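Engineer: Here you go, one structure.
The values are calculated or read from the model by the stated rules, or taken from the named source; none is laboratory data. Nothing here was measured: the structure is a model prediction, and the numbers come from that model. Ideal geometry is used to build each Cβ from the backbone, glycine not excepted, and the neighbour counts take in all protein chains shown.
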Amino acid sequence: MKKYSSKIYYLLFSVILTSAHAVDLYVSPQGSDMNSGLPGEPVATFASAQKKARAYAASEAVTVHFADGTYYLPETVVFTPEDSGSEKYPVVYRSTNEGGAVLSGGAELALEWAPYRDGIYKAQTPNGLMIDQVFIDGRNQRMARYPNYDPAKKAEPYQGYAADAFSKERAAGWSDPTGAYIHAMHSKRWGGYHYLITGKDAEGEVTYEGGWQNNRQLGMHKDYRMVENIFEELDDEGEWYHNAKTNTLYYKPVAGMDIHSAKVEVVRLRHLVEFDGSEAAPVKYITLQGFVVRHAARTFMDCKEPLLRSDWAIYRGGAYFLTGTEHIQILDTEFDQVGGNAVFVNNYNRHVLVKGCHIHDSGASGVCFVGDPNAVRDPLFEYQETNDLSKIDRTPGPKTNNYPADSTVEDCLIHGIGRVERQPAGVQISMAMGITARDLSIYDCARAGINISEGTWGGHLIERCDVFDTVLETHDHGSFNSWGRDRFWHSNRKESQGEIDKDPKLPFLDAMKTTTIRDSRWRCDHGWDIDLDDGSTNYDIYNNLMLNNGLKLREGFRRHVWNNITVNNGLHPHVWYKGSQDQVYSNIFMAPHKPAGAIVTGDDVRVDGNFYAVGEATVMKVSHKLGWDQNSVYGEPMFMDPAKGDFRVKPGSAALKAGFKNFPMDQFGVKKPSLKAIARTPEMPELKVYQESGKKSAARSREWLGASLTELSGVEFSAYGVSQDDGGLALSKVGQRTQAAKVGLQDGDLIQAVNGRKTANMRQFNRATAKAEGTIQLTVIRDQQAMELELSL
């Protein structure tokens, strides 16, 4: 009997002990904040649940269960250190059913619609309501715009553009465009600009302010323009306009819609959830799981902060905004059509995990990891800014810990990135260390799939990702893109080369840890599959399948590239430093190298032992001049099943003789079953057969003033910082004794005009110079800057 009683006591004690260290709270749209939040007595709001959970935080494990339904947040949910859990007693806020609980930063409107004209309806809205986005039955509608949206123009800027978007003639039909927006691509298509229309002047010209969203201020594109939020342009199904003065919403429903029964929601909040801590007092051990996040406001007019000498500017914020955290988890969450960034990990954060999420149709980027510029030694911001390299701080690494590190975005589906802004990424990394991007499917992006903005401070791991359909509306970028314009980098390479010759460790002061890109699949149709741009340093790149435009390496150090496959393409070496330490070997290339600009190599550089699915003579036309590929192998790659995406090679393939080793072709992208079931995969390219001879070159060359003048094509223009639309002819082999050198021309100059006449190609150049005598005026691009040179011939 005593033995039996002891067992009962032990069981009861165990139950009491367990319940004392695990608290379950409940939230329901049908609940009441007067309730306890315990089983059977759910509260109604996130704020009430947070307040009750805070009472147990760090002393007991707390799980807050949200029943299905929509939770309209009256204000941003802010977690502070007093909300923190601990490793032993974490705090979890979760949807009872994944995707069942919706967190909304908006409000539902009860409207009485009445016919207006031409299929347009109107309704009165509450006084003082400012509307940035309108959702009808869960789908984001379009502000009245010109030109109209065309979904068939997926890869065209704004899915419809017009050079006269805000011309005086167009604006003559607008009674008052104040409060409207201009969206325009960068003149070189390096992202876009946004402007707020402030009215019309006395002559009828549109007045506006803005344009700070791109860090390389070269003006808006002359053709790629669009305006929105103008009443007179409301003429297409799915468009709306809100007159805040008369509190009237106008909307033209799609055919067949019953507007009277439609659910209408508008957006209020920019941030739905914030974590507000610091390194000294972080917010810790909180998990948000299983929610749908909707109705976060657009932030493009506040995208003002330049990143370090990149093309980008950012807005520090997102639907979820994390500052000063440790061990925060964002799991199994859908970010549905948010107006700006979905998740922004800001400054000091450690061990953040974003996993199992579906991020789609966001106005800006998917997941951003961005640190504090004050943690950087000798930071510069605008592209043309330069350091005095004799005076810079030579201490390696960051000055402070105020940056994201040791964090992961994993097993996520990310697509429809940049629906509003044109300088976004699926994953954006800047001034951070040790960020992992793993098992991601990323596609349908206006700009990059994954972008690393500079070398500060490396140590990132990118693996098993599937990234394609990127750079859709922009140019000169990659599915993976990086810059390395760190403290060593100078737009005038001679300046940095001289200091690096003295101190070879200089490029690694910021890029102090190796970044690895491996086991991933990439495809970019408007740039490079993998683009390591200006100064990108300290990379290992292996086991990657590149499906279209190959690999670009420009102006960096210690890029080790092996065991990759570049389908129908190859290596694009753009402007290499002497002493770069680059190693490129055991890769399968299907085209000869495509160098651009000055390529200086030495004994520390190895580009050899590769396999080419193109004839040796074709490859060596380029490689022989550079001293490359003396031991490379040629032949038929013998891919197993390229039409179905299996680019492993069969036994007996000559690629194996070059040291190539097969790697898995079935591990790219998201793994979570529910996301994998809906994720797209890239289109497989049709293999091209390169002929040994008889293939006409797209570029033409001639001798001029003793130097070599070459007509460029395609992505080669990137090396000169211009777009393909600009055109130009590149000078090379400008020896000291050539007439070109004597009149002031240099190796790497790009000639774009002669005596004011555009010379986009060789034919135009020949015509412009045929009768030129005495003094001529050249428009030249040098170090990515336009300059005028007067030459005496």
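Engineer: Among the residues of region 446-474, count how many are more than 13 Å from the chain's Cα centre (by Cα) and of a type outside the set (Asp, Glu).
Structural biologist: The qualifying residues number 10.
Engineer: Of the residues His460, His475, His526, His490, which is in contact with a Ser or Thr (Cβ under 8 Å, 6 or more places away or on another chain), at pLDDT below 95 and under 22 Å from Ser580 (Cα atoms)?
Structural biologist: On the way: His460 fails: at pLDDT below 95; His475 fails: under 22 Å from Ser580 (Cα atoms); His526 fails: under 22 Å from Ser580 (Cα atoms).
Of the residues listed, the single one that is in contact with a Ser or Thr (Cβ under 8 Å, 6 or more places away or on another chain), at pLDDT below 95 and under 22 Å from Ser580 (Cα atoms) is His490.
Engineer: Another question about this same structure. Checking Ser580 against (1) closer than 22 Å to Ser479 by Cα; (2) surrounded by 23 or more Cβ atoms within 10 Å (Cβ to Cβ), only one condition comes out false. Which one?
Structural biologist: Every condition holds for Ser580 apart from (1).
Engineer: For Thr436, only one of the following conditions fails: (1) of a type outside the set (D, E, K, R); (2) modelled with pLDDT under 95; (3) surrounded by fewer than 24 Cβ atoms within 10 Å (Cβ to Cβ). What is its number?
Structural biologist: Result: Thr436 passes all but (2).
Engineer: Now for a separate question. When residues of region 589-622 are filtered for being among the small types (Gly, Ala, Ser) and closer than 21 Å to Tyr542 by Cβ, how many remain? Even if it seems obvious, please write down each step before you answer.
Structural biologist: So in region 589-622, the residues among the small types (Gly, Ala, Ser) come out as 591, 596-598, 602, 609, 613, 615, 617.
Cutting the leftovers down to closer than 21 Å to Tyr542 by Cβ gives us 591, 609, 613.
Total satisfying the criteria: 3.
Engineer: How about region 55-67: which of its residues are surrounded by fewer than 19 Cβ atoms within 10 Å (Cβ to Cβ) and under 15 Å from Ser32 (Cα atoms)? Break it down stepwise before answering.
Structural biologist: The first filter runs over region 55-67 and keeps only residues surrounded by fewer than 19 Cβ atoms within 10 Å (Cβ to Cβ), leaving 55-56, 59-60, 63, 67.
Ala67 - this is the single residue of region 55-67 that is surrounded by fewer than 19 Cβ atoms within 10 Å (Cβ to Cβ) and under 15 Å from Ser32 (Cα atoms).
Engineer: Determine if region 367-380 includes at least one residue that is at pLDDT 95 or above, buried (at least 22 other Cβ atoms within 10 Å of the Cβ), within 24 Å of Asn140 (Cα to Cα) and not acidic (Asp, Glu).
Structural biologist: Yes, some residue in region 367-380 is at pLDDT 95 or above, buried (at least 22 other Cβ atoms within 10 Å of the Cβ), within 24 Å of Asn140 (Cα to Cα) and not acidic (Asp, Glu).
Engineer: Here's something else I'd like to know. Within the bounds of region 439-449, is there any residue that is small (Gly, Ala, Ser) and touching a His at 6+ places or on another chain (Cβ under 8 Å)? Working first, answer last.
Structural biologist: As a first pass, look at region 439-449 and keep what is small (Gly, Ala, Ser): 441, 446, 448-449.
Then keep just the ones that are touching a His at 6+ places or on another chain (Cβ under 8 Å); that gives 441, 448.
Yes, region 439-449 has at least one match.
Engineer: Looking at region 649-671, which of its residues are free of Cβ contacts under 8 Å to residues at least 40 places away in the same chain and within 15 Å of Trp562 (Cα to Cα)?
Structural biologist: The answer is Leu656, Asn662.
Engineer: Please go through region 476-529 and pick out each residue that is among the basic types (Lys, Arg), more than 22 Å from the chain's Cα centre (by Cα) and either within 22 Å of Phe717 (Cβ to Cβ) or part of a helix (DSSP H, G or I) (or both).
Structural biologist: Arg493, Lys494, Lys502
Engineer: Any idea which of (1) more than 28 Å from Thr80 (Cα to Cα); (2) touching a residue at least 12 places away in the same chain (Cβ under 8 Å) is the one Leu288 doesn't satisfy?
Structural biologist: Among (1) more than 28 Å from Thr80 (Cα to Cα); (2) touching a residue at least 12 places away in the same chain (Cβ under 8 Å), the lone unmet condition for Leu288 is (1).
Engineer: Okay, next question. In region 386-434, which residues are more than 22 Å from Trp190 (Cβ to Cβ) and touching a helix residue (DSSP H, G or I) at 6+ places or on another chain (Cβ under 6 Å)?
Structural biologist: Residues satisfying the conditions are Leu389, Pro398, Lys399, Thr400, Asn402, Tyr403, Leu413.
Engineer: Might you check whether a residue that is of a type in the set (Gly, Ala, Ser), in contact (Cβ under 8 Å) with a residue 12 or more places away in the chain, surrounded by 14 or more Cβ atoms within 10 Å (Cβ to Cβ) and under 27 Å from His475 (Cβ atoms) occurs anywhere in region 736-746?
Structural biologist: Checked region 736-746: no residue is of a type in the set (Gly, Ala, Ser), in contact (Cβ under 8 Å) with a residue 12 or more places away in the chain, surrounded by 14 or more Cβ atoms within 10 Å (Cβ to Cβ) and under 27 Å from His475 (Cβ atoms).
Engineer: Just to be sure, is Phe717 crowded, with 19+ Cβ neighbours inside 10 Å, out of contact with any strand residue (DSSP E or B) (no Cβ under 7 Å at 6 or more places or on another chain) and not in a loop (DSSP other than H, G, I, E, B)? Talk me through it step by step, then tell me what you get.
Structural biologist: Details: crowded, with 19+ Cβ neighbours inside 10 Å: yes; out of contact with any strand residue (DSSP E or B) (no Cβ under 7 Å at 6 or more places or on another chain): yes; not in a loop (DSSP other than H, G, I, E, B): yes.
So Phe717 passes the test.
Engineer: Test Val619 against the stated conditions and say whether it is part of a helix (DSSP H, G or I) and either touching a residue at least 60 places away in the same chain (Cβ under 8 Å) or surrounded by 13 or more Cβ atoms within 10 Å (Cβ to Cβ) (or both).
Structural biologist: Numbers: part of a helix (DSSP H, G or I): yes; either touching a residue at least 60 places away in the same chain (Cβ under 8 Å) or surrounded by 13 or more Cβ atoms within 10 Å (Cβ to Cβ) (or both): yes.
Yes: the conditions hold for Val619.
Engineer: Which of the residues that make up region 761-784 are under 30 Å from Glu495 (Cα atoms) and of a type in the set (A, V, I, L, M, F, W, C)?
Structural biologist: Ile776, Leu778, Val780, Ile781
Engineer: Could you tell me which residue of region 130-153 is nearest to Trp190 (Cα to Cα), considering only residues that are out of contact with any strand residue (DSSP E or B) (no Cβ under 8 Å at 6 or more places or on another chain) and either surrounded by 18 or more Cβ atoms within 10 Å (Cβ to Cβ) or acidic (Asp, Glu) (or both)?
Structural biologist: Of everything passing the filter in region 130-153, Asp150 is nearest to Trp190 (Cα to Cα).
Engineer: Quickly run through region 756-773 and pick out the residues that are surrounded by 14 or more Cβ atoms within 10 Å (Cβ to Cβ), in a loop (DSSP other than H, G, I, E, B) and either in contact with a helix residue (DSSP H, G or I) (Cβ under 6 Å, 6 or more places away or on another chain) or not aliphatic (A, V, I, L, M) (or both).
Structural biologist: Once the filter is applied, which keeps residues that are surrounded by 14 or more Cβ atoms within 10 Å (Cβ to Cβ), in a loop (DSSP other than H, G, I, E, B) and either in contact with a helix residue (DSSP H, G or I) (Cβ under 6 Å, 6 or more places away or on another chain) or not aliphatic (A, V, I, L, M) (or both), region 756-773 yields Thr759, Asn761.
Engineer: Considering every residue within region 154-175, establish whether at least one is in contact with a Gly (Cβ under 7 Å, 6 or more places away or on another chain), surrounded by fewer than 18 Cβ atoms within 10 Å (Cβ to Cβ) and not hydroxyl-bearing (Ser, Thr, Tyr). Give the steps one after another, and end with the answer.
Structural biologist: So the first thing to find is which residues in region 154-175 are in contact with a Gly (Cβ under 7 Å, 6 or more places away or on another chain), and the list is 168, 171-172.
Keeping just the survivors that are surrounded by fewer than 18 Cβ atoms within 10 Å (Cβ to Cβ) gives 168, 172.
Okay, now just the ones that are also not hydroxyl-bearing (Ser, Thr, Tyr), so 168, 172.
Looking through region 154-175, at least one residue is in contact with a Gly (Cβ under 7 Å, 6 or more places away or on another chain), surrounded by fewer than 18 Cβ atoms within 10 Å (Cβ to Cβ) and not hydroxyl-bearing (Ser, Thr, Tyr).
Engineer: Further question: Please go through (1) surrounded by 20 or more Cβ atoms within 10 Å (Cβ to Cβ); (2) within 20 Å of Val427 (Cβ to Cβ); (3) of a type in the set (Ser, Thr, Tyr) for Thr514 and return the number of the only condition it doesn't satisfy.
Structural biologist: (1)
Engineer: Next question, about the same structure. Suppose the filter is buried (at least 21 other Cβ atoms within 10 Å of the Cβ), modelled with pLDDT of 95 or more and either closer than 14 Å to Thr474 by Cα or not hydrophobic (A, V, I, L, M, F, W, C) (or both); does Tyr208 pass it?
Structural biologist: Details: buried (at least 21 other Cβ atoms within 10 Å of the Cβ): no; modelled with pLDDT of 95 or more: yes; either closer than 14 Å to Thr474 by Cα or not hydrophobic (A, V, I, L, M, F, W, C) (or both): yes.
No; evaluated as a whole, the condition is false for this residue.
Engineer: For residues in region 622-649 being of a type in the set (Asp, Glu) and part of a loop (DSSP other than H, G, I, E, B), which is surrounded by the fewest Cβ atoms within 10 Å (Cβ to Cβ)? Even if it seems obvious, please write down each step before you answer.
Structural biologist: So in region 622-649, the residues of a type in the set (Asp, Glu) come out as 629, 636, 641, 646.
Remaining after also requiring part of a loop (DSSP other than H, G, I, E, B): 629, 636.
On the way: Asp629: 24, Glu636: 13.
Only one residue fits best here, namely Glu636.
Engineer: List, please: which pairs have Cβ atoms under 6 Å, are six or more places apart or on different chains, and start with a residue in region 24-40 that is surrounded by 12 or more Cβ atoms within 10 Å (Cβ to Cβ) and end with one that is of a type in the set (Lys, Arg)?
Structural biologist: Leu25/Lys52; Gly37/Lys52
Engineer: Of these, Ser48, Ser32, which one is farther than 22 Å from Gln289 by Cα and at pLDDT 95 or above?
Structural biologist: On the way: Ser48 fails: farther than 22 Å from Gln289 by Cα.
Just a single option satisfies the conditions, and that option is Ser32.
Engineer: Can you pull out the residues in region 314-341 that are farther than 19 Å from Gly191 by Cα and hydrophobic (A, V, I, L, M, F, W, C)?
Structural biologist: In the first step, residues of region 314-341 are kept if they are farther than 19 Å from Gly191 by Cα; the result is 317-338.
Once the filter is applied, which keeps residues that are farther than 19 Å from Gly191 by Cα and hydrophobic (A, V, I, L, M, F, W, C), region 314-341 yields Ala319, Phe321, Leu322, Ile328, Ile330, Leu331, Phe335, Val338.
Engineer: Which one of the conditions (1) surrounded by 20 or more Cβ atoms within 10 Å (Cβ to Cβ); (2) under 25 Å from Ser701 (Cβ atoms) does Val567 fail to meet, given that it meets all the rest?
Structural biologist: For Val567, the failing item is (2).
Engineer: Please verify whether Val605 is among the hydrophobic types (A, V, I, L, M, F, W, C) and either under 16 Å from Gly659 (Cβ atoms) or surrounded by fewer than 21 Cβ atoms within 10 Å (Cβ to Cβ) (or both), treating the condition exactly as stated. It would help to see each step written out before you state the result.
Structural biologist: On the way: among the hydrophobic types (A, V, I, L, M, F, W, C): yes; either under 16 Å from Gly659 (Cβ atoms) or surrounded by fewer than 21 Cβ atoms within 10 Å (Cβ to Cβ) (or both): no.
It is false that Val605 is among the hydrophobic types (A, V, I, L, M, F, W, C) and either under 16 Å from Gly659 (Cβ atoms) or surrounded by fewer than 21 Cβ atoms within 10 Å (Cβ to Cβ) (or both).
Engineer: Let me confirm something: among Gly694, Gly609, Gly721, Gly659, which residue is farther than 30 Å from Arg782 by Cα and modelled with pLDDT under 95? Show your work before the answer.
Structural biologist: Working: Gly609 fails: modelled with pLDDT under 95; Gly721 fails: farther than 30 Å from Arg782 by Cα; Gly659 fails: modelled with pLDDT under 95.
Residue meeting the stated conditions: Gly694.
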